[in-house]
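Asks: Have a look at this one before I ask anything.
The values are calculated or read from the model by the stated rules, or taken from the named source; none is laboratory data. Here the structure is a predicted model, which means the values were calculated and not measured. All Cβ positions, even for glycine, are placed from backbone atoms using ideal geometry, and neighbour counts span all protein chains on display. Surface areas here come from the heavy atoms of the whole protein model, side chains and all, with no ligands, DNA or RNA. Shrake-Rupley method; radii C 1.70, N 1.55, O 1.52, S 1.80 Å.
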Amino acid sequence: MPRLQLSDRDWRRIVALPSVRKRLRLVADQIAARTRANLNAAESEATVTVEEGVRPKGRAYARVVHNDPYGEYGTENVPRHRALGRAAGSK
């Protein structure tokens, strides 16, 4: 089966399409919802947000972030909960 070859210009146009950005946002919203549930189970007061945009070379992104600086990996005094890591790894 022959492989499809895209030019750099065509690739940049495809990854910036509104339908691609919409799908990225949908997946990020699903991960954010699972992250919120994980944080609630860990009794964390952290907030979860979705950031989206376009990188300088034209590729769209949607990123899930939360403001719990230590809970994701834990410290001596804060137990590790991996709320975002577990949410991103599950489906």
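Asks: Heavy atoms only, probe 1.4 Å: what % of the accessible area of the chain goes to carbon and sulfur, would you let me know?
Replies: That fraction is 53 percent.
Asks: Express the relative contact order of the chain as a whole percentage, based on alpha carbon pairs under 8 Å and six or more residues apart in sequence.
Replies: 27 percent
Asks: So the label point goes 7 Å from the Cα of Arg12 along Cα→C-beta, right? Which residues of the stretch 41-60 then have their backbone N under 18 Å from it?
Replies: 53-60
Asks: Taking the chain as a Gaussian network, where each spring joins two C-alpha atoms under 10 Å apart, which residue of Ala32, Ala41, Ala62 fluctuates the most?
Replies: The residue with the greatest mean-square fluctuation here is Ala41.
Asks: What is the set of long-range amide H partners of Arg63 at a cut-off below 5 Å, with H atoms built 1.01 Å from backbone N?
Replies: Glu51, Glu52
Asks: Same structure again: Could you give me the ³J(HN,Hα) list for the stretch 5-13, computed from phi with Karplus coefficients 6.51, -1.76, 1.60 and θ = phi - 60°, whole Hz, x at Gly and Pro?
Replies: 10, 9, 6, 4, 5, 5, 4, 5, 5
Asks: Next question, about the same structure. Excluding ligands, DNA and RNA, what is the solvent-accessible area per residue of the chain at a probe of 1.4 Å, expressed in Å²?
Replies: Working: 7040 Å² over 91 residues.
Averaged over the residues of the chain, the accessible area is 77 Å².
Asks: Apply the Kirkwood formula to the chain: the hydrodynamic radius equals the inverse of the mean of 1/r over all pairs of different alpha-carbon atoms; give it in Å with one decimal.
Replies: 14.9 Å
Asks: Identify, among His81, Val50, Ala16, the residue whose Cα sits farthest towards the positive end of the charge dipole of the chain, taking +1 on the Cβ of Lys and Arg and -1 on the Cβ of Asp and Glu, with the dipole about the Cα centre.
Replies: With unit charges placed on the Cβ atoms, the residue in question is Ala16.
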